[in-house]
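Notes for the one structure printed next.
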Amino acid sequence: MDSSFATRNTRGTVLVIDDTPLNQDILTDILGREGYTLRFAHDGESGLVQARHLKPDLVLLDLVLPGIMGTDVLAVLKQELPETMVILTTAYGSEETAIKALRAGVNDYIINKRPFDADEVREVVKRAVTEAILRRENLRLQQEVDLANEQLAQKYTELEAAYERLKELDKAKASFFSMVSHDLRHPIAVAKGYLELIRTGDQDLSPEVRGGVEIAEQEMRYLNELVDDVLDLSRMDAGYYHIDRQPLQVAMMLQQAHLAFRAQAAQRNIALEIKPCDDLPLVSADSLRMNQVLSNLIENALKFTPEGGRITLSANPLDDEIAISVRDTGVGIEPGEHEKIFDRFYRIRRGEQIEDKGSGLGLAICREIVRLHAGRIWAESELGKGATFYLTLLPADNE
Ligand SMILES: Nc1ncnc2c1ncn2[C@@H]1O[C@H](COP(=O)(O)OP(=O)(O)OP(=O)(O)O)[C@@H](O)[C@H]1O
Ligand SMILES: [Mg+2]
């Protein structure tokens, strides 16, 4: 009989600790059809052994037992199996005894009116087992939640540690770049200083020496620019080149560039002009970096435009973006070169080059900076017909 119940553990497990065989029979009768897994013990000791092994949902505990008393069994059960419900069955007890037992931690009681009231037993047992199952389910869910929280805390700690490592790496990168840039710039600065000292010193210099010093100074300036460009590009490659975007007026940007190159253009008899663009929306850009881009483009335009030419700065809406352009009337660029000129160190070899200084890094840097702004940059030109360089920026409110 026991085994058949044991295999259908559908409604919970009930352990009956009762020394009266008749009671066991009656309870089997009443509960047997309810679908519980029923187990029996005849005294407190073996009851506890079974309970520990079985971890039942419910114990039906007789108050008066041979050996250790029901109340002692109760105390052990409450301590060792807090999830297990305990219902006291007592024949002698008045309601008073039962209430005392409730205080001691029993979940409910059934008074054995000899015989048991079958409906009462069914009802009380059902309630207790249901509660036990609910409790167990709650506990399981709670454990799942606890586990999830624990895992979350663990992940959080890992993330924090990873973030700390990244910060360390970032610091290392920063100090690497400042170290390298110092090591490269310092000797140039020293050489420049001495060259200037020689040039402006008391000693009379022969024209050859003076000329040599001036060339050397020019080369140092060029070397300085090259170092700056190479450092910029390696910062970009390392992801250590930061841009700080702010809402900017395009007209202001163009005016600044105009101001910086006005004298140089005038010297070469090149007209440098801005097309009015005051009513454009603000763009989102890093003013220093964009100044660098525009400077590179205007330097190029100056470099590749013969005297008497014209350089025009303008800005116009282009779809959702603002397009800035630098147009010149210079030597122009063959369509086949339009992409390549943005590659690092790429320079077009021309016979009648107007000015041959440069490393071929200017446009590569422009492209990286514009990319960091989520914009595009390109050239439109035909050989001999001047060139126009375009770049796009996002309007400030589009972020
Ligand atoms: N406005 C222009 N007109 C004609 N050719 C140009 C113009 N701008 C750039 N180029 C061509 O593209 C090449 C690459 O330009 P980039 O600015 O990258 O290098 P660079 O000016 O030669 O050197 P750097 O800018 O590093 O001093 C130039 O060497 C030149 O051949
Ligand atoms: Mg250039």
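Using a Förster distance of 25 Å, how high is the FRET efficiency between R135 and R114, based on the Cβ-Cβ distance and rounded to 0.05?
The calculated FRET efficiency here is 0.20.
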Calc'd 3J(HN,Hα), the range 322-328, phi into Karplus 6.51 cos²θ - 1.76 cosθ + 1.60 (θ = phi - 60°), Hz, glycine/Pro = x, comes to 10, 9, 9, 10, 10, 10, 10
For the chain, longest principal axis from Cα atoms; helix 250-267 axis from its Cα atoms; angle between them, nearest 10 degrees, is 30
Here, trypsin sites (Lys or Arg not before Pro) of the range 35-116 satisfying both criteria (DSSP loop; at most 13 other Cβ within 10 Å) are K113
Distance in nm between K385 and L280 label points, each 7 Å along Cα→Cβ, equals 2.4
If amide H atoms are modeled at 1.01 Å from N in the peptide plane, then the residues at a separation of 5 or more from D108, or on another chain, having amide H under 5 Å from its own are V86, L88
In terms of the charge dipole of the range 2-116, which places +1 on Lys and Arg and -1 on Asp and Glu at the beta carbon, the residue among L74, Y36, L22 farthest towards the positive end is Y36
Scalar couplings 3J(HN,Hα) for the range 381-397 by Karplus 6.51 cos²θ - 1.76 cosθ + 1.60 (θ = phi - 60°), nearest whole Hz, x for Gly and Pro, are 5, 10, 4, x, 10, x, 9, 10, 9, 10, 9, 10, 9, 7, x, 4, 7
Given a Förster distance of 45 Å, the FRET efficiency implied by the Cβ-Cβ spacing of S234 and Q203, rounded to the nearest 0.05, works out to 0.65
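Where does each of 178-187, 312-321, 290-299 land if you order them by average Cβ count within 10 Å, highest first? Numbers along the way, then the final one.
Details: 178-187: 12.3, 312-321: 15.8, 290-299: 21.3.
The peptides rank, most packed first, as 290-299, 312-321, 178-187.
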Helix 287-303 sits off the longest principal axis of the Cα atoms of the chain, rounded to the nearest 10 on a 0 to 90 degree scale, by 30
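With a Förster radius of 51 Å, plug the Cβ-Cβ distance of Q267 and R165 into 1/(1 + (r/R0)^6) and report the FRET value to the nearest 0.05. List each step's numbers first, then the result.
Working: r = 53 Å, r/R0 = 1.04.
With R0 = 51 Å, the Cβ-Cβ based efficiency is 0.45.
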Here the residues of the range 291-334 lying in the modelled label zone of L372, meaning backbone nitrogen under 13 Å from a point 7 Å along Cα-to-Cβ, are 291-293
Expected max-MSF residue from V331, V283, V16 in the GNM of the chain (alpha carbon, under 10 Å) is V16
From the cross-link list K275/K303; K171/K340; K171/K303; K192/K275; K340/K385, the entries with a Cα-Cα span beyond 29 Å are K171/K340; K171/K303; K192/K275
Ordered by number, the GluC sites (Glu not before Pro) in the range 65-96 that occupy a DSSP loop and have at most 15 other Cβ atoms within 10 Å are E83
If the label point sits 7 Å along Cα→Cβ of F345, residues of the range 224-260 with amide N under 19 Å come out as 224-238
Taking Cα atoms only, helix 207-237 is inclined relative to the longest principal axis of the chain by an angle, in degrees rounded to 10, of 20
Connecting every pair of Cα atoms under 10 Å apart in the chain and solving the GNM, the largest mean-square fluctuation among E382, E334, E208 falls on E208
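Give the order of L272, L282, L393, L259 when sorted by the count of other beta carbons within 10 angstrom, beginning with the fewest.
L259, L282, L272, L393
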Excluding residues fewer than 8 positions from K100 in its own chain, the lysines with Cα under 22 Å of it are K78, K113
Sparse-neighbourhood loop hits (chymotrypsin sites (Phe, Trp or Tyr not before Pro), the range 28-108; DSSP loop; Cβ within 10 Å at most 14 others) -> Y92
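Just so you know, all these numbers are worked out from the coordinates, no wet-lab data involved. This structure is a prediction, so every number in the text was calculated from the model and none was measured. Please note: Cβ atoms are built from the backbone with ideal geometry, for glycine as well, and neighbour counts cover all protein chains shown.
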